[in-house]
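Every read-out reported here was derived from the displayed coordinates using simple, explicitly stated rules and does not represent laboratory data. Everything quoted here is computed from the prediction, not taken from an experiment. Here the Cβ positions follow ideal geometry from the backbone for every residue, glycine too, while neighbour counts run over all protein chains shown.
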Amino acid sequence: MATFSPYDAGGYERQKSAVEYDYGNNMATNAYGRFLGQQRGQRGLTDMKTNFGRQYPTYKAQFGQRGMGGPGIRSGVQHQAMTNYLGDYAQQYGRAQQDMTQEAQQYDMNEQRFGAFRQQSLADIEAQKAQQIANDARALEYLRSLVGGI
């Protein structure tokens with residue numbers, strides 16, 4: 001004998017609500033994490049720029065104290081050292097910017113993953129719901145055939 005449990009839309013709606021709630025939570029957490037990451041990264045770049053601005057005059061003055069710099073002096077040692085100093089700063093600053101960009105890309109990827117998971121979960125719930133409706137329709141047809149085709 002066939003058992004029949006009528007279709008209950010409430011269960012599917014609760015599942016969909018849970019998926020949407022999780023998605024909203026994940027997106028909010030991700031957005032806040034991205035904001036904090038950008039803030040930290042920008043703070044680091046600002047600090048780096050400030051420290052460089054403060055250290056540069058002292059670094060350059062060292063050459064004048066040793067007779068390798070100043071008006072009218074073109075020291076190869078000073079030139080090479082300043083090139084290295086500025087090059088190192090530019091490289092470190094560029095890497096810090098790149099790190100910041102990559103961190104933001106990670107948050108973007110998480111956002112895409114959350115959206116894809118949400119879409120897949122909702123599609124799975126709809127498929128379960130359609131399967132339940134089809135099963136109920138088959139059960140009703142079977143019961144109808146048992147009672148003489150009402």
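Observations
- FRET efficiency, Tyr142 to Tyr21 (Cβ-Cβ, R0 30 Å, nearest 0.05): 0.20
- Principal-axis tilt of helix 76-146 within the chain, Cα atoms, nearest 10 degrees: 0
- Contact order normalised by residue count of the chain, Cα under 8 Å, 6+ apart, percent: 49
- Taking max minus min of the alpha-carbon positions on each principal axis, region 75-150 gives extents of 108, 10, 8 Å, largest first.
- Principal-axis tilt of helix 9-65 within the chain, Cα atoms, nearest 10 degrees: 0
- Kirkwood Rh in Å, taken over all unlike Cα pairs in the chain: 21.9
- Label point at Ala90 placed 7 Å out along Cα→Cβ; residues across region 12-51 whose backbone nitrogen lies under 17 Å: 49
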